[in-house]
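Below: the structure, in structure tokens.
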Amino acid sequence: MRGGRAIILLYLLFLMLPIYWLINMSFKTNTEITSVMTLWPHTLTFDNYKKIFTDPSWYNGYINSLKYVILNTILSVGFALPAAYAFSRYRFLGDKHLFFWLLSNRMAPPAVFALPFFNLYSAIGLFDTPWAVALAHCLFNVPLAVWILEGFMSGVPREIDETAAIDGYSFPRFFLKIFTPLIASGIGVAAFFCFMFSWVELLLARTLTSVNAKPIAATMTRTVSAAGMDWGVLAAAGVLTLIPGALVIWFVRNYIAKGFALGRV
Amino acid sequence: MIKPVNQKAWFLVAPVLLIVAFSAVIPLMTVVNYSVQDTFGNNQFFWNGVGWFSELLDRSTDLGGRFFDSLGRNLLFSAIILAIEVPLGIVIALSMPREGWRVAATLVLMALPLLIPWNVVGTIWQIFARGDIGLLGAAVNALGVDYNYVSNPLHAWITIVTMDVWHWTSLVALLCYAGLKSIPDAYYQAARIDGASRWAVFRTIQLPKMQRVLLIAVLLRFMDSFMIYTEPFVVTGGGPGNSTTFLSIELVKLALGQFDLGKAAALSIVYNLIILAVCWVFYTVMTKADAKAGAA
């Protein structure tokens with residue numbers, strides 16, 4: 001379809017222009033940003049990136065974010081694996097209700113949980129640690145991981161479980177040695193989406209940290225509100241947050257729809 | 001495939017139950033607790049019954065007014081973005097290249113906005129739409145429109161809606177594309193032999209096949225737009241005035257800005273009940289559709 005190609009090109013242009021503008025700005029000096037409208041950096045500078053990589057208050061933001069994101073990914077997938085197996089293989093008392101309850105947690109507005117989480121994690125002494133954010137993000141990532149993994153596991157024929165049992169495999173050995181390799185791509189997709197949803201969330205991450213575990217997203221909002229904005233550095237910080245998504249998206253390109261739709265596509 | 005009944009499966013589910021209960025049930029109980037009590041500070045609470053709720057649901061009070069206003073704004077916002085993103089997503093899915101390297105390249109580029117941290121989405125549009133340093137703002141101003149999203153409520157709305165379309169239309173498109181891919185070629189060949197028009201093919205073959213994914217797309221988009229917080233917070237901070245203060249922004253203002261525990265908790269509970277109700281409809285319709293797909 002000739003018209004189709006034009007629509008796709010226009011749409012991609014619409015998607016890429018704002019991103020291009022951010023990248024463009026990250027390589028400009030602040031004088032160039034505020035004084036003239038230039039479509040590409042006339043005085044190319046790497047100072048904005050240099051500032052981020054040398055100033056601890058900036059690069060620590062990335063390290064803090066990565067800490068809780070990785071913790072959360074491990075927790076979510078680890079906890080979800082056995083549960084997803086149970087949902088994909090057995091019926092048990094209350095299974096449908098449980099599945100719905102998990103879904104409703106994925107849909108719950110983080111704003112509702114911000115204040116109680118703040119109280120809860122302060123009370124147990126986890127406030128301002130990566131653990132607080134990692135556990136808080138389990139609220140929506142564990143259900144997500146269960147749903148995605150269940151979709152992949154249901155694709156594995158049950159005969160494999162039965163054959164392994166006849167061959168004398170114990171359940172844990174069967175699960176680790178035979179079953180896990182079979183759903184490796186599913187685990188990869190689940191991990192990717194847990195990583196992503198933890199990485200893009202700001203409200204809970206900001207509420208549960210103050211100094212020591214402050215995520216990059218919160219560091220950026222502070223700069224936005226400060227008087228006399230450092231647009232160049234802000235743009236550079238933004239560009240750096242795009243990298244994790246851009247790096248791995250190629251590998252999950254065929255599963256993007258599945259992951260966002262809770263494994264239901 | 002019929003699954004065997006096995007109550008021991010509960011042991012496998014228990015860890016998830018524990019961790020989600022820890023992060024969902026305990027906080028929710030705290031909220032319920034706050035919602036029926038009042039405090040003068042110093043951690044001294046006393047019983048307030050349904051006082052906060054009756055204030056919340058009464059439009060004439062300050063709290064009720066703020067609740068219904070932000071609820072109305074949020075519903076309007078969700079309706080607008082659904083009306084734009086769903087048709088646009090379908091058109092884009094229908095225009096996707098059929099095969100070759102172009103498919104993969106388009107998929108990757110399309111998914112890019114979905115993977116950007118939400119506050120950075122806000123930052124990108126804040127920069128892009130500003131009249132002084134942004135390409136979009138400067139271009140619109142050059143056309144002779146005095147565009148300023150910081151002071152003009154209508155412009156703020158247009159900016160936020162455009163941002164959401166930019167951010168999430170790809171999700172609808174990707175889901176629809178996944179639905180379209182499942183249509184066997186034989187259907188199209190049969191349609192060609194029958195001399196069916198482009199519209200007839202869409203109405204009788206493509207739309208029915210996309211029905212299930214469209215349902216998921218609509219509900220995911222409704223849910224996420226109904227709890228939108230970060231993007232408008234970064235771009236407009238809820239302003240100018242209160243014109244872009246959505247439910248989550250109002251709630252965070254109450255809870256973390258003013259520490260109005262009782263009011264915030266009552267709002268949280270009503271908010272959560274609305275979500276739960278919509279979620280239940282979603283789940284019921286979806287499992288019905290799943291069962292139908294399984295039977296066919």
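No lab work stands behind these numbers, since they all come straight from the coordinates. All values derive from a computational prediction rather than experimental measurement. Don't worry about glycine lacking a Cβ; one is built from the backbone with ideal geometry, like all the others, and counts go over all protein chains shown.
Inspect all residues belonging to the stretch B:60-68 and state whether any of them is in contact with a helix residue (DSSP H, G or I) (Cβ under 8 Å, 6 or more places away or on another chain), surrounded by 12 or more Cβ atoms within 10 Å (Cβ to Cβ) and over 15 Å from residue B:251 (Cβ atoms).
Yes, the stretch B:60-68 contains at least one residue that is in contact with a helix residue (DSSP H, G or I) (Cβ under 8 Å, 6 or more places away or on another chain), surrounded by 12 or more Cβ atoms within 10 Å (Cβ to Cβ) and over 15 Å from residue B:251 (Cβ atoms).
Taking the stretch B:158-175 on its own, how many of its residues are in contact (Cβ under 8 Å) with a residue 12 or more places away in the chain, of a type in the set (A, V, I, L, M, F, W, C) and more than 9 Å from every other protein chain (Cβ to nearest Cβ)?
Residues in the stretch B:158-175 being in contact (Cβ under 8 Å) with a residue 12 or more places away in the chain, of a type in the set (A, V, I, L, M, F, W, C) and more than 9 Å from every other protein chain (Cβ to nearest Cβ): 4 in total.
Quick one: which residue in A:71, A:126 is more than 9 Å from chain B (Cβ to nearest Cβ), among the hydrophobic types (A, V, I, L, M, F, W, C), surrounded by fewer than 20 Cβ atoms within 10 Å (Cβ to Cβ) and over 28 Å from residue A:175 (Cα atoms)?
A:126
Of the conditions (1) in contact with a Gly (Cβ under 7 Å, 6 or more places away or on another chain); (2) crowded, with 18+ Cβ neighbours inside 10 Å, residue B:174 clears all except one; give me its number.
Unmet for residue B:174, out of (1) in contact with a Gly (Cβ under 7 Å, 6 or more places away or on another chain); (2) crowded, with 18+ Cβ neighbours inside 10 Å: (1).
Kindly check whether there is at least one residue in the stretch A:43-64 that is closer than 23 Å to residue A:190 by Cα, more than 7 Å from chain B (Cβ to nearest Cβ), of a type in the set (Val, Ile, Thr) and out of contact with any Leu (no Cβ under 8 Å at 6 or more places or on another chain).
There is at least one residue in the stretch A:43-64 that is closer than 23 Å to residue A:190 by Cα, more than 7 Å from chain B (Cβ to nearest Cβ), of a type in the set (Val, Ile, Thr) and out of contact with any Leu (no Cβ under 8 Å at 6 or more places or on another chain).
Just the residues that are assigned to a helix (DSSP H, G or I), more than 7 Å from chain B (Cβ to nearest Cβ) and farther than 28 Å from residue A:130 by Cβ, please, taken from the stretch A:74-95.
A:87, A:88, A:95
Working carefully through the options A:139, A:135, A:98, find the one that is over 16 Å from the mean Cα position of the chain (by Cα) and either at the interface with chain B (Cβ under 8 Å from one of its Cβ atoms) or in a loop (DSSP other than H, G, I, E, B) (or both).
The unique qualifying residue is A:98.
May I ask you to list the residues in the stretch B:258-270 that are of a type outside the set (D, E, K, R) and either surrounded by fewer than 24 Cβ atoms within 10 Å (Cβ to Cβ) or more than 10 Å from chain A (Cβ to nearest Cβ) (or both)?
B:258, B:259, B:261, B:262, B:266, B:269, B:270
Specify the residue that is farthest from residue B:29 (Cα to Cα); the eligible residues are those in the stretch B:234-257 that are within 11 Å of chain A (Cβ to nearest Cβ) and surrounded by fewer than 18 Cβ atoms within 10 Å (Cβ to Cβ).
B:237
Considering only residues that are assigned to a helix (DSSP H, G or I) and within 7 Å of another protein chain (Cβ to nearest Cβ), which ones fall in the stretch B:5-21?
Listed by number, the residues that qualify are B:9, B:10, B:12, B:13, B:15, B:16, B:19, B:20.
Could you tell me how many of the residues in the stretch B:215-256 are free of Cβ contacts under 8 Å to residues at least 60 places away in the same chain and on the phi > 0 side of the Ramachandran plot?
Going through the stretch B:215-256 one residue at a time, the tally reaches 2.
Across the stretch B:103-155, what is the number of residues that are touching a helix residue (DSSP H, G or I) at 6+ places or on another chain (Cβ under 8 Å), aliphatic (A, V, I, L, M) and not in a loop (DSSP other than H, G, I, E, B)?
Matching residues across the stretch B:103-155 total 16.
Only one of (1) among the aliphatic types (A, V, I, L, M); (2) buried (at least 20 other Cβ atoms within 10 Å of the Cβ); (3) more than 18 Å from the chain's Cα centre (by Cα); (4) within 30 Å of residue B:289 (Cα to Cα) is not met by residue B:115, so which one is it?
Among (1) among the aliphatic types (A, V, I, L, M); (2) buried (at least 20 other Cβ atoms within 10 Å of the Cβ); (3) more than 18 Å from the chain's Cα centre (by Cα); (4) within 30 Å of residue B:289 (Cα to Cα), the lone unmet condition for residue B:115 is (3).
Of the residues in the stretch A:110-132, how many are more than 21 Å from residue B:267 (Cα to Cα), assigned to a helix (DSSP H, G or I) and of a type outside the set (Phe, Trp, Tyr)?
4
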